[in-house]
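The next block holds one structure in the form of structure tokens; read it before the comments.
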Amino acid sequence: MADISIQSIKELRDKSGAGMMDCKKALAENGGDIEKALDWLREKGIATMLKKSSRIAAEGVVESYIHGGGRVGVLVEVNIETDFAARNEAFREFVRDVALQIAAMNPRWVSREDVPAEELEREREVVRNQALNEGKPERIVDRIVEGRIAKFYQENCLLDQDFIKDDGKTVQELLTEMTVKIGERIVIRRFTRYELGEGLERREEDFAAEVMSQIR
């Protein structure tokens with residue numbers, strides 16, 4: 001597999017408007033060739049979705065999910081273009097899955113773009129110092145930092161997380177599939193997650209495992 005650079009991902013993203021993970025996958029599937037990757041995105045139907053990116057998605061639903069007798073609660077707003085599509089059962093199921101994902105995996109932001117610049121810069125500094133303290137050669141530190149930042153995104157950004165019902169795809173990929181299926185722009189706009197006793201000292205809970213055990 002070709003070594004995919006951050007610069008290539010950004011260039012493809014600028015050309016296509018696709019998400020970072022979609023661009024990275026497209027480049028990986030096409031040996032790092034940007035033009036072939038752009039065609040690949042179009043063939044997968046992502047280009048169809050992108051044509052809708054300037055259209056307003058002001059309808060949708062606010063979904064709630066309460067787990068464990070009230071120990072974890074989630075409110076998430078997911079927008080779509082029309083009220084008719086908002087009543088679509090597949091869309092409703094998607095929104096429920098998003099709420100479940102938030103409850104189980106506790107993301108901090110919807111997307112990479114939502115991460116505050118100062119937070120990202122602080123994380124970069126921490127992981128860079130970690131790499132240097134581990135004795136990693138200076139010439140490969142930047143690559144190590146980018147890898148660890150990607151992991152940071154995966155842990156903290158909803159769209160970058162592996163989907164809990166199918167870890168072979170990310171939430172972004174799930175969103176892309178649903179957009180293509182319904183034919184309207186879909187936006188996960190915002191969410192709030194409450195956890196009983198959050199910030200207080202208490203025993204550790206594996207909410208991801210517990211949530212999944214209840215839906216099987």
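The values are calculated or read from the model by the stated rules, or taken from the named source; none is laboratory data. In this text the structure is predicted, and so the values were computed from the model without any measurement. Cβ: placed from backbone, ideal geometry, glycine included. Neighbour counts: every protein chain shown.
Do you know which residues across the stretch 183-200 are assigned to a strand (DSSP E or B) and more than 19 Å from the chain's Cα centre (by Cα)? Selection gives Tyr194, Glu195. Just a yes or no: is a residue in the stretch 32-55 at pLDDT 80 or above, part of a loop (DSSP other than H, G, I, E, B) and not hydrophobic (A, V, I, L, M, F, W, C)? Scanning the stretch 32-55, I find at least one residue that is at pLDDT 80 or above, part of a loop (DSSP other than H, G, I, E, B) and not hydrophobic (A, V, I, L, M, F, W, C), so the answer is yes. Scanning the stretch 162-183 for residues that are buried (at least 22 other Cβ atoms within 10 Å of the Cβ) and in contact with a Ser or Thr (Cβ under 7 Å, 6 or more places away or on another chain) yields no hits at all.
Looking at Glu93, Glu81, Glu118, which one is more than 21 Å from Leu174 (Cβ to Cβ), out of contact with any Phe, Trp or Tyr (no Cβ under 9 Å at 6 or more places or on another chain) and either at pLDDT 95 or above or acidic (Asp, Glu) (or both)?
Answer to the selection: Glu118.
For Val62, the conditions (1) buried (at least 16 other Cβ atoms within 10 Å of the Cβ); (2) of a type in the set (A, V, I, L, M); (3) not in a helix (DSSP H, G or I) are fulfilled apart from (1).
Filter the stretch 169-206 down to the residues that are touching a strand residue (DSSP E or B) at 6+ places or on another chain (Cβ under 6 Å) and at pLDDT below 90 and list them by number. If the condition is that a residue be touching a strand residue (DSSP E or B) at 6+ places or on another chain (Cβ under 6 Å) and at pLDDT below 90, then Thr179, Glu184 are the ones that fit. The set of residues in the stretch 10-24 being part of a helix (DSSP H, G or I) and crowded, with 22+ Cβ neighbours inside 10 Å consists of Leu12, Met21, Asp22, Cys23.
Please verify whether the stretch 67-87 includes one or more residues that are in contact with a helix residue (DSSP H, G or I) (Cβ under 7 Å, 6 or more places away or on another chain), assigned to a loop (DSSP other than H, G, I, E, B), among the β-branched types (Val, Ile, Thr) and crowded, with 16+ Cβ neighbours inside 10 Å. No: zero hits. Residues that are among the aliphatic types (A, V, I, L, M), modelled with pLDDT of 90 or more and over 27 Å from Val61 (Cβ atoms): does the stretch 147-160 have at least one? Yes, because at least one residue in the stretch 147-160 is among the aliphatic types (A, V, I, L, M), modelled with pLDDT of 90 or more and over 27 Å from Val61 (Cβ atoms).
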